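Just below is one structure, and these are the notes that go with it.
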Amino acid sequence: MVVSFRVFKKSSPNSKLTIYLGRRDFVDHVSETDPVDGVLLVDNDYLAGRQIYAQLVCSFRYGREEDETMGLNFKKELTLADEQVYPPTQHNPSLTRLQERLMKKLGPSSFPFNFTFPRHSPTSVTLQPGEDSQASPCGVEYFVRCYVLETDKERSHRRSAVSLAIRKIQYAPTKPGRQPCTVVRKDFMFSPGELELEATLDRQLYHHGDTVSVNVCIKNNSNKAVKKISVSILQCIDIAMFTGGHAKARVASVETTEGCPVEPGSSMQKVIKLAPALKNMRDRFGIALDGRLKGEDTDLASSTLLADENSRDIFGMVISYTAKVKLFLGAIGGELAAELPFVLMHPKPNMKRIIKADTLAEVEGFNASMDDPTCDPSNEMDKLSVKG
């Protein structure tokens, strides 16, 4: 029986090294992360007298590239794992099924490598750059990098190095949390009574593309009138490296005067629906995306799930979402606002269905925007057939 399976591959500029990976998205299950397993194919004539290494690299850009002047550098690159691929350090390494098939297909000059993500390493996030920006975007990226060591301390030329971009992602939990609900009140100096706002979401967990329903209930026991209601979805970005590294971006909003003014002594209940989506934010600078800028499945960054709030990695961005309800009472009365946090993530896919679709469908080219810009993209995807 012949089994076809999809692999991603990329070659160095001199075509001496080629990385093979079975996937480029690795799932963070909060308690652990899927290991990175792949194979490096080396040209037979290139092995003599050389040492070849593979690395798992995390790149964190926290400032714009065009602002790097007078020696300033707003990018940190961390080597999370480093493994000598050739000469092999293990005589009988533990191989995954994918590695066994690839090595059987590619021959004796192919060598396996395996990496494990650190427990608290951040997920992949990319901030949408300006419309005219050609520089590298801010955010967290991961690469599998292979290079040649000519001597004990000196690397070879960059033409004999290759980097393949990967993503560290999270999927929505199977059990949603409690339904978000909040009640806020405001009293007024020199005026009797108070204004009460109760806001509720229909659920705590949403998937990308879902509509968020906000139930607004107003009880006006004051002598002020509510003239306008505003409901917005805010994407909150927390950069742990900086004390004041907080930013908020509005990804959906609705303003309405329907049912207004809410006069003193009256009440009103209303359901307002919003649909946060990237298609409406393509020209907005600073929106957090799910790890790549282009592609059919590119979407807003998912909420970040943390095993321990106090153990977050400083080289990362924590994403969260809130629904904000605001009542406008005029210039003298001011405003009354309430916020409801919720989780926005992709559902866990049906892996059996994906594998079946990959086997039957034609393989399309993978978007080159995920790749390290310092390396030439080539041979992004291949389809191998192995007799099983």
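Just so it is clear, none of the values below were taken in a lab; they were calculated from the coordinates. All of these numbers come straight from a predicted model, not from anything done at the bench. All Cβ positions, even for glycine, are placed from backbone atoms using ideal geometry, and neighbour counts span all protein chains on display.
Would you mind checking the pairs 248/279; 186/248; 219/273; 168/270; 224/273 and listing those with alpha carbons more than 29 angstrom apart? Could the numbers behind the result be given before it?
Details: 248/279 18 Å; 186/248 25 Å; 219/273 21 Å; 168/270 39 Å; 224/273 26 Å.
168/270, as the Cα separations exceed 29 Å there.
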Linear extension gain, residue 223 paired with residue 81, 0.36 nm per residue minus alpha-carbon span: 44.7 nm
DSSP bridge pairs, the stretch 181-345: antiparallel proportion in percent, nearest 5: 95 percent
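How would you rank 55-68, 166-179, 12-25, highest first, on the average number of other Cβ atoms within 10 Å across their residues?
Numbers: 55-68: 16.9, 166-179: 15.4, 12-25: 19.6.
In descending order of packing, they fall as 12-25, 55-68, 166-179.
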Distance between modelled label sites at residue 157 and residue 273, nm, 7 Å Cα→Cβ extension: 6.1 nm
